[in-house]
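Following: one structure in structure tokens, then a few remarks.
The values are calculated or read from the model by the stated rules, or taken from the named source; none is laboratory data. None of these values were measured; they are calculated from a predicted model. For neighbour counting, all protein chains shown are included, and Cβ atoms are generated from backbone atoms with ideal geometry for every residue, glycine included. In case anyone asks, the SASA skips ligands and DNA or RNA and just uses the protein heavy atoms, side chains included. Shrake-Rupley method; radii C 1.70, N 1.55, O 1.52, S 1.80 Å.
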Amino acid sequence: AMDRAPPREAFWELPLAQLDADEWEALCDGCGQCCVHKLEDADSGAFYATNVACRLLDLNTARCGDYAGRRAHVPDCVTLTPEEVRW
């Protein structure tokens, strides 16, 4: 059994900076876009999605096949944080 506190009511309406790690993870809707390889345009700095996905991505569920241990399999897997997605 986990000793986590129950999530705060309507935590998804709070500013990202106020979320704890569990709440941040709970925002994931399983779109799989973070697992799609991107290319960066060296001139503009713009990123473009490809049709190539991480080998751990389960295409049937759009979930990582080993989320907890993903960095052991894919050392350059990027962990998204509220700071990295701020625009």
Inset, instruction - Kindly provide the set of residues from the stretch 12-21 that are free of Cβ contacts under 8 Å to residues at least 40 places away in the same chain and either surrounded by 13 or more Cβ atoms within 10 Å (Cβ to Cβ) or in a loop (DSSP other than H, G, I, E, B) (or both), ordered by number. - result: Leu14, Pro15, Asp20
Inset, instruction - Assess whether Ala42 counts as being free of Cβ contacts under 8 Å to residues at least 12 places away in the same chain and surrounded by fewer than 11 Cβ atoms within 10 Å (Cβ to Cβ). - result: yes
Legend entry - Residue satisfying condition, being touching a Leu at 6+ places or on another chain (Cβ under 9 Å), open to solvent by less than 40 Å² (accessible area, probe 1.4 Å) and either at pLDDT 90 or above or farther than 15 Å from Thr79 by Cα (or both), within set Cys54, Cys35: Cys35
Inset, instruction - Would you be able to tell me the number of residues in the stretch 1-60 that are under 14 Å from the mean Cα position of the chain (by Cα) and among the aromatic types (Phe, Trp, Tyr)? - result: 1
Legend entry - Some residue of the stretch 73-83 being touching a residue at least 12 places away in the same chain (Cβ under 8 Å), assigned to a loop (DSSP other than H, G, I, E, B) and open to solvent by 90 Å² or more (accessible area, probe 1.4 Å): yes
